[in-house]
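Enquirer: One structure, pasted below without further comment.
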Amino acid sequence: MSKPIKQIHLAAHFPGVNNTTVWSDPAAGSHIEFASFAHFARTAERAKFDFVFLAEGLRLREQGGQIYDLDVVGRPDTFTVLAALAAVTERIGLTGTINSTFNEPYEVARQFASLDHLSDGRAAWNVVTSWDAFTGENFRRGGYLAEQDRYDRAKTFLRTAWELFDSWDGYRIPADKESGVFLSDPKAGAFEHRDRHFDIAGRFNVPTSPQERPVIFQAGDSDAGREFAASSADAIFGRHSTLGPGQEFYADVKGRLESYGRTGEDLLILPAATFVLGDTDAEAAELAVEVRRAQVSGQTAIKFLEQLWNRDLSGYDPDGPLPEVDPDVSGDSISKGRAADRMYRDRIAVAREYREEAAAKRLSIRELMIEKTSRQSFIGSAETVATQIDDLVQADAADGYILVPHITPGGLDVFADTVVPILQERGRFRADYEGTTLREHLGLGTPRKAAGTLTGAGAGTSAEAASEATAVPVGAL
């Protein structure tokens with residue numbers, strides 16, 4: 001019996017705090033003006049994408065005590081932007097990253113339930129935690145929570161939010177003007193949750209929304225993150241956009257579902273992916289080289305290398321060889337708000353690998369950093385890229401992809417105008433929306449109504465989420 005043909009899921013991420021975005025390109029627009037977000041979302045909706053995704057930036061990251069210029073692109077409040085987009089779109093899903101470390105369940109549940117109402121059922125929440133005290137300085141919690149405590153808080157946070165979403169289950173709002181009866185039962189919205197993280201009770205003031213609960217996303221590649229996704233998420237962002245690693249990740253995460261009473265259809269695997277399109281494969285390949293050089297200027301290359309070396313390298317020539325001096329492993333990280341310390345567990349060993357590769361390939365600092373930090377997932381003509389995506393989805397390397405253009409807001413247009421029609425002609429992607437809610441776009445059923453059933457080890461950290469939701473290489477964080 002032949003394997004059924006899978007329908008491809010497509011979504012779009014509005015990039016910001018990383019070197020994927022070539023903000024200096026003449027075609028690039030604002031990262032804070034609403035017109036940019038509106039253009040991006042409308043393009044995705046015109047192409048019949050499942051959703052648009054906004055990441056979260058809670059603090060501008062620093063290096064050597066100074067704001068790193070790649071971050072100065074604006075990061076407006078996620079809910080504000082998504083609510084505004086709900087008013088200028090009709091079908092596209094609206095997904096945002098909201099941190100469970102620095103927020104409270106009632107506030108977040110109320111915001112997502114409101115967004116789901118305002119958008120007629122298009123809201124989704126990417127649940128993350130925060131791992132660093134540097135970001136925590138902007139909030140009263142600081143960075144005091146230990147790793148396992150953050151995971152425990154994230155699990156309890158989501159479970160509590162579900163209790164709030166479900167607090168109106170079964171309660172009708174007749175709003176009978178003749179009888180004067182507004183609620184069918186005065187107990188609507190009642191909740192009580194008391195544990196070591198939250199001690200709250202009262203009435204949830206947003207009635208059941210169109211999706212009942214927002215779609216839940218998770219980002220992270222750790223074992224804990226995979227377990228969390230298998231137990232509780234509707235979709236998981238990934239960074240594995242090639243065949244072998246993609247299939248391994250896909251099989252591993254999907255294989256965890258059965259122990260939670262779930263099937264493969266209950267969780268979508270959606271890696272992020274960058275792309276470069278040309279009229280021909282050769283033209284696209286040439287353009288991809290230009291894009292990578294634009295993403296990693298000489299100055300940016302030095303900044304990337306400093307994150308590994310953990311010392312000031314501003315005196316080095318980016319077109320010259322790597323430093324002979326070893327990385328500094330004695331003190332605090334020179335890079336604040338990035339995952340450098342988590343990525344480079346052994347700076348000396350990684351530096352040795354870098355030197356060996358640079359020597360073997362005769363690469364300068366900049367050339368090596370381009371190799372390490374900038375590589376597109378899909379390169380070629382529209383026909384080639386459509387085939388690449390379809391082949392990977394049919395091979396169970398993914399259920400679809402979250403596309404991250406290097407130009408915003410217009411970088412998605414060419415994909416929508418050239419690749420999408422080919423996938424539609426091949427019967428691999430919808431010609432039009434068949435439903436109205438994001439759950440319908442994603443082929444997901446009604447959410448489970450057993451509040452408190454959340455299990456698993458916890459949500460991915462914000463550093464993981466930033467890396468994997470935007471598909472930027474580790475050196476860019």
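Enquirer: Grab the Cα-Cα distance for N103 and E290, subtract it from 0.36 nm times how many residues apart they are, and report the gain in nm with one decimal.
Expert: Numbers: separation 187, 0.36 × 187 = 67.32 nm, distance 4.12 nm.
Here the segment from N103 to E290 would lengthen by 63.2 nm.
Enquirer: Now a separate question. Share of region 133-201's accessible area from carbon and sulfur, percent, 1.4 Å?
Expert: Within region 133-201, the accessible surface is 46 percent carbon and sulfur.
Enquirer: Next question. How long is the gain from Y171 to T446 if the chain were fully straight, where each residue apart is worth 0.36 nm and the alpha carbon distance is subtracted?
Expert: Result for the pair: 97.3 nm of gain on full extension.
Enquirer: May I pose another question? Using Rg and Dmax of the Cα atoms in Å as the read-out, say which of (i) 22.8, 84; (ii) 22.7, 89; (iii) 24.4, 75 was calculated from these coordinates.
Expert: (i)
Enquirer: As a check on your grasp of the helix formula, calculate [θ] at 222 nm for the chain: sum -39500 (n - 2.57) over DSSP H runs of n ≥ 4, divide by the residue count, round to the nearest 500.
Expert: Numbers: 16 runs with 179 residues, N = 477.
After summing the helix terms and dividing by the residues of the chain, the value is -11500 deg cm²/dmol.
Enquirer: Further question on the same structure: Mean 1/r over all different Cα pairs, inverted: what Kirkwood radius does region 290-439 give, in Å?
Expert: Values: mean 1/r = 0.0540 Å⁻¹.
Computed over region 290-439, the radius equals 18.5 Å.
Enquirer: Send over a whole-number figure in Å² for the accessible area per residue of region 218-262, probe 1.4 Å.
Expert: I get 36 Å² per residue for this part.
Enquirer: Which FRET efficiency value, to the nearest 0.05, is calculated for D199 and Q148 with the Förster distance at 30 angstrom and r the Cβ-Cβ distance?
Expert: Result of the calculation: an efficiency of 0.90.
Enquirer: Mind checking the dipole of the chain: about its Cα centre, +1 per Lys or Arg Cβ, -1 per Asp or Glu Cβ, Debye to the nearest 20? It would help to have the intermediate numbers written out before the result.
Expert: Values: 51 positive and 71 negative charges, 162 e Å.
So the magnitude is around 780 debye.
Enquirer: Same structure again: So if I take the centroid of the Cα atoms in region 112-181 and the same for region 279-294, what is the distance between those two points in Å?
Expert: Using only Cα atoms, the two centres lie 43 Å from each other.
Enquirer: Starting from the Kirkwood Rh over alpha-carbon pairs, what translational D in µm² s⁻¹ does region 254-293 have by Stokes-Einstein at 25 °C and 0.890 mPa s?
Expert: 185 µm²/s
Enquirer: Percent of accessible area on region 343-457 owned by carbon and sulfur, 1.4 Å probe? Kindly include the intermediate steps, with their values, before the conclusion.
Expert: Details: 2260 of 4810 Å².
Here it works out to 47 percent.
Enquirer: Another question about this same structure. Hey, could you pull the Cα Rg and Dmax for region 121-199, both in Å?
Expert: Radius of gyration, then largest Cα-Cα span, for region 121-199: 18.4, 58 Å.
Enquirer: Within the chain, which whole H helices from DSSP have a Cα span along their axis of at least 15 Å and a mean Kyte-Doolittle hydropathy of 1.6 or more, if any?
Expert: 78-88
Enquirer: Let me ask you something else. Label points 7 Å out from Cα along the Cβ direction at D281 and R355: separation in nm?
Expert: It works out to 3.9 nm between the two label points.
Enquirer: I'd like to check one number: the per residue accessible area of region 115-205, probe 1.4 Å, reported in Å² as a whole number.
Expert: 51 Å²
Enquirer: Here is a follow-up. Which percent of the accessible heavy-atom area of region 224-286 goes to carbon and sulfur, probe 1.4 angstrom?
Expert: The value for region 224-286 is 48 percent carbon and sulfur by accessible area.
Enquirer: Moving on. Let's see if you can work this out: charge +1 on each Lys and Arg Cβ, -1 on each Asp and Glu Cβ, no other charges. What is the dipole magnitude of region 81-179 about its Cα centre, in debye to the nearest 20?
Expert: For region 81-179, the charge dipole is close to 100 debye.
Enquirer: Let me ask another. Charges on Cβ only, +1 for Lys and Arg, -1 for Asp and Glu, centred on the Cα centroid of the chain; of I370, A233, S381, which one is farthest towards the dipole's positive end?
Expert: Looking along the dipole axis, the top candidate is A233.
The values are calculated or read from the model by the stated rules, or taken from the named source; none is laboratory data. Quick caveat: nothing in here was measured; it's all calculated off a predicted structure. Backbone-built Cβ (ideal geometry, glycine too); neighbour counts: all protein chains shown. With ligands, DNA and RNA removed, areas are computed over all heavy atoms of the protein, side chains included. Shrake-Rupley method; radii C 1.70, N 1.55, O 1.52, S 1.80 Å.
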